[in-house]
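Chemist: Structure provided below as structure tokens; questions to follow.
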Amino acid sequence: MPHASASEGAIETRGLEPVPDSERTGHVRQLFPTWVAANISVLLLTMGAGLIVLNGLNLWQVLAVALAAPVVSYGIVGLISVAGKRGGAPGMALSRAVFGQRGNRFPGTLIWVARWGWETINAVTGAYALLSVLDLLFGVRSGTPLIVVTLLLFVACTFLVSGLGINALRVCSKWSAYLFGAFSVLVLIHLLTHTDWSAVFARPAGSTAAMIAGIGTIAAGGISWVPSGPDFTRYLPRTASGRAMVGSTIGGAGIVVAPMVLMGAVMAVATPDLAAARDPVSFIGELLPTWISVPYLLIALVGMVLINSMSMYSAGFTAQTLGIKVPRAWAVSVNAVISLVLGFLLMVVATGFIGSFISFLTLLAVAFSAWIGVFGVDMLRRRTYDGTALLDTGRTSAYWYRGGFAPSAMAAWGAALVVGLLFTEVEWFAGPLAGTWIGRNGLGWAVTALVAAALYAVLPRERATTPAPAAGPAAGAGAGEGTERLPV
């Protein structure tokens, strides 16, 4: 049995088991700083630069992309987050009700592995930020030993915050949002007064296809958060407004994404090499005065620690759904070690950062979109989740279906994944349909989600083998008494 109040105290002790109604004391307004913190990354500057240099867009087109991308991606995050308040459990635990106890391990494994890459990218960016600060303040040049030390520091901080749990993430998100917002205003003022605006506005417009591709690239980062959405809403009461949840999610992300992408685009006019830099952070010290760049990088570093902490927090739950029976706080250690090793390889061995990053985002979006399509359609049909059945991983579970698999969900997910890859092209892989209009415009992820949703909507739906409990206090009260006894 979980503790009486597993969410209270410095360390969250609740694992996969759904949150009872008595502990659902969260507020929708807490989602706003959460999704602000999830986007405090200087990588958005690099991506904004890419829209200018690689996509050939002008400033007005970049503005349209920067506004549309978070609405699309974080709108989906907000919608899927509603499942968290309905079921009170992490996203990948709720996914068992859709794919079956065994079937859920397939998308779960893919999503867990994809998180390795996301956490690696953020660890590398955070390490570069720390290296840039050391260079700006003390003239310390980067070398392999220093790379190892900075990576270790970054990953250790990430492990600490994610291990503490939801309360630590909420507090850190709130204050980092305030600080990052204040210094972003300073950066914006500096750009307004030191930019050759005639050169910025003289840029010719790019194609509509390039704009669509840009929206897909920026949106891919948000798409990666969709399965994690319920992880941050499961402490909300059942009466929380779904519309307000979606609005807070889009607002929190958009207020960071739009100005950061625009600032990156403006910077790229004067420094086009920004879009192809091997080090995606050091340019800040070259473009901004030290009194702005150093604190800005330090605050961005905190933000990137939070991004990785949120990702590892969710990855801990995903690891538990795969059968790794360790406490949530320790489940994140697996991802911490992996991001450390892969981060070292990316910083020391890889020859380019932005190319690897864009390729990764493209594949990440396809991998996550197949799950989104199936889970989203199921959400439209479902209003409650059986808390006991979610934790019962044996044949007695209501979500056992056929041999532990939900055939319709698995078929729709697998087929959509294959179709999406057919339209996808990255540095080391190109599907046979990548040269089509859909493939050239980076819409493989959208096709993946649509195919998954359409197939799952028309295929026969598997029924739970036992009745699910009705919504209300009774469902929440018994939600932690399943067969699966995960340590929390």
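Chemist: What number comes out for the charge environment of Thr109, summing +1 per Lys or Arg and -1 per Asp or Glu over other residues with Cβ under 13 Å away? Before the final figure, lay out each step's value.
Modeler: Details: positive: Arg102, Arg105, Arg115; negative: none.
Around Thr109, the charge tally is +3.
Chemist: I'd like the accessible area for Arg86, computed on protein heavy atoms only with a 1.4 Å probe and all protein chains in place. Round to 10 Å², please.
Modeler: 50 Å²
Chemist: For His27, His190, write out the residues from largest to smallest accessible area, computed with a 1.4 angstrom probe and no ligands counted.
Modeler: On the way: His27 80, His190 30 Å².
So the residues, ranked largest to smallest area, are His27, His190.
Chemist: Rounded to whole Hz and in sequence order, give me ³J(HN,Hα) for region 258-267 from the Karplus expression 6.51 cos²θ - 1.76 cosθ + 1.60, θ = phi - 60°, writing x for Gly and Pro.
Modeler: 4, x, 5, 5, 5, 4, x, 5, 5, 4
Chemist: Considering only protein heavy atoms, what per residue accessible area in square angstrom results for region 25-458 with a 1.4 angstrom probe?
Modeler: 35 Å²
Chemist: Apply the Karplus parameterisation 6.51 cos²θ - 1.76 cosθ + 1.60, with θ equal to phi minus 60°, to every residue of region 289-302 and state each ³J(HN,Hα) to the nearest whole Hz, in sequence, with x for glycine and proline.
Modeler: Rounded to whole hertz, the list is x, 4, 5, 9, 5, 5, x, 5, 5, 5, 5, 4, 4, 4.
Chemist: Keeping the other protein chains in place, figure out the carbon and sulfur percent of the accessible area of region 25-458, with a 1.4 Å probe. Kindly include the intermediate steps, with their values, before the conclusion.
Modeler: Numbers: 10800 of 15180 Å².
Carbon plus sulfur share of accessible area: 71 percent.
Chemist: Separate question: Which net charge results when you count Lys and Arg as +1 and Asp and Glu as -1 among the other residues whose beta-carbon is under 12 Å from that of Asn308? Don't skip to the answer; put the middle values down first.
Modeler: Working: positive: Arg115; negative: Glu119.
Cβ neighbours under 12 Å give a net charge of 0.
Chemist: Stokes-Einstein at 10 °C, 1.306 mPa s, Kirkwood radius from Cα pairs: D for the chain in µm² s⁻¹? Before the final figure, lay out the partial values.
Modeler: Values: Rh = 22.6 Å.
It comes out at roughly 70 µm²/s.
Chemist: Can you run phi through the Karplus equation (6.51, -1.76, 1.60; θ = phi - 60°) for region 309-322 and list ³J(HN,Hα) in whole Hz, with x for Gly and Pro?
Modeler: The phi angles translate into 5, 5, 5, 5, 4, 5, 4, x, 5, 4, 4, 5, 5, 7 Hz.
Chemist: Let me have the relative contact order for region 25-458, percent, based on Cα pairs under 8 Å that are six or more residues apart. Display every interim value, and only then the final one.
Modeler: Details: 749 pairs, mean separation 145.6, N = 434.
Relative contact order of region 25-458: 34 percent.
Chemist: Can you give the helix-only mean residue ellipticity at 222 nm for the chain, where every DSSP H stretch with n ≥ 4 adds -39500 (n - 2.57) and the sum goes over all residues, rounded to the nearest 500 deg cm²/dmol? Mind dumping the intermediate values first?
Modeler: Numbers: 20 runs with 320 residues, N = 488.
Taking each H run of at least 4 residues, the total per residue is -21500 deg cm²/dmol.
Chemist: Another one. If amide hydrogens are placed 1.01 Å from N in the peptide plane, which non-local residues have theirs closer than 5 Å to the one on Gly165?
Modeler: Glu12
Chemist: To the nearest 10 square angstrom, how much accessible area does Glu12 have with a 1.4 angstrom probe?
Modeler: 10 Å²
Chemist: OK, next. When the dipole is taken about the Cα centre of region 108-204, and only Lys, Arg (+1) and Asp, Glu (-1) are charged at their Cβ, what size is it in debye, to the nearest 20? Mind dumping the intermediate values first?
Modeler: Values: 5 positive and 3 negative charges, 39 e Å.
In debye, rounded to 20, region 108-204 gives about 180.
The values are calculated or read from the model by the stated rules, or taken from the named source; none is laboratory data. Computed from a predicted structure; not experimentally measured. Neighbour counts run over all protein chains shown; Cβ positions are idealised from the backbone, glycine included. Ligands, DNA and RNA are excluded from the accessible area calculation, which covers all protein heavy atoms including side chains. Shrake-Rupley method; radii C 1.70, N 1.55, O 1.52, S 1.80 Å.
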